[in-house]
Amino acid sequence: MKKSKFLLIVMVFFAMFSCSTDTIETVEESSVLEDQSELVLKEIINLGFSEKDILDMGSYFLVGDDIMFSKTGRPQRTDDNMTPKQRRTTYLVDHNTIGVRIDPSLPSNWKTATRDAMNHWNANSGSSIFLYETDYYWPYNGGFLFNPEIEVMSDSSDPLPSSTIAAAEFPTSDGMPGYRVRINLDFNPCTLTNNLRFYNMIHELGHCLTFAHTNTSFGTHIAGTPTSDSNSVMNGGTACTLSSGLSTGDRTAVDTLYPLGITAPTNVQAYHDGDEELTMTWNAVPGAMSYKIYNNIKETGKTGWYHYRTRTSNSYSRELKRKFRSGYKMMVTAVDANGNESKMTEANYNW
Ligand SMILES: [Zn+2]
């Protein structure tokens, strides 16, 4: 009784903490972390995880191979239905086109796996999710900055246990995707093939998009998904055994949470006049209020795409000197009245 009263007081305190951070400057951070960490641990156990499966990693608990619970955050609630079903966490990403940075220090096989996994999510035709590669931080003077939102990196700065292949974060209350995927280059329970890297990256990016493990009770069941799905790429504990990408049930899950809002532009053509003018045209998309034009980055040491301009018509032209056109690339998306953005379509280059 005394203990639960104490917990209640701590919980009330944290409820206050979350809404009025400027009034509690005198609280000592270290004791806060300890109390909160105990609460988080209890709640993880309440979610149905066994204590032996919970690893204390210092600033967070690692559960079920690759689910992380921050000691300073609140674990997400779940129902207690143990039937395998596609599951989601509390928050969704509030936009469709998501920039991903692949750390240059990653081995090439993991870079390839990440790019292939991004393409796999993008190729799912029933949802609007589109992941594109970028590492562009430079605040472009037109004001259209598009920073990477998910960073894919090794675990060297924050090591994972050798039995954990990777760890990802979930989306946050501000509508952003999970901000990073850490890959364990010392993972040793099995020999990794490129296919396993690929399937595991699909899985980890799925966490960044809100998906929990299909085969555990953590998270909320997504309506319309099957009652059992041994093929789900989001099953946990499968780092060495995954053998396919998104299952039919996984596709239902992502199509349900991130439905296709507006179709992507088609027939995107880029012409160059051979002198210094670039012109782009594409077919108008029904329901489009505007179009976003993305350019690839042509600076040394930079890769990826950034949002360059927005247009309300289905054409665009700009000055582009002939000497710069080689390797110049563009993609176009359509945006509807609600701000939903389509997937990206890359131009055909007529030069
Ligand atoms: Zn996982």
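Just so it is clear, none of the values below were taken in a lab; they were calculated from the coordinates. Just so you know, these numbers come straight off a predicted model, no measurement behind them. Neighbour counts are summed over all protein chains in view; Cβ atoms, including those assigned to glycine, are modelled from backbone coordinates with ideal geometry.
Length gained on full extension, residue 191 to residue 230, computed as 0.36 nm times the residue gap minus the Cα-Cα distance: 11.8 nm. For the pair residue 123 and residue 329, the difference between a 0.36 nm per residue extended length and the Cα-Cα distance amounts to 72.1 nm.
Looking at segment 88-257, the DSSP beta bridges with both ends there are about 30 percent antiparallel. Along its three principal directions, the equivalent ellipsoid of segment 176-258 from the Cα gyration tensor extends over semi-axes of 22, 15, 11 Å, largest first. What's the FRET efficiency of residue 318 with residue 173 using the Cβ-Cβ distance as r and R₀ = 51 Å, to the nearest 0.05? Efficiency for this residue pair is about 0.85. Between residue 256 and residue 284, the FRET efficiency from the beta-carbon distance, with R0 = 41 Å, is close to 0.90. Quick one: net charge of residue 278's neighbours, Cβ under 9 Å, K/R +1, D/E -1? Net local charge, residue 278 excluded: -2.
In plain terms, if you count all Cα to Cα distances in segment 269-350 and split them into 5 Å steps from zero, the share in each step is 3, 15, 26, 24, 17, 9, 5, 1 percent.
Label sites at residue 351 and residue 157, each approximated as a point 7 angstrom past Cα along Cα to Cβ, lie 3.7 nm apart. Ranked by the mean number of other Cβ atoms within 10 Å of their residues, highest first, the peptides 243-255, 193-205, 280-292 come out as 193-205, 243-255, 280-292. On alpha-carbon atoms, Rg over Rh for segment 156-300 using Kirkwood Rh? Rounded to two decimals, Rg over Rh is 1.08.
For the residue pairs 111/292; 85/329; 85/292; 111/321; 52/111, alpha carbon separations beyond 29 Å are given by 85/329; 85/292; 111/321; 52/111.
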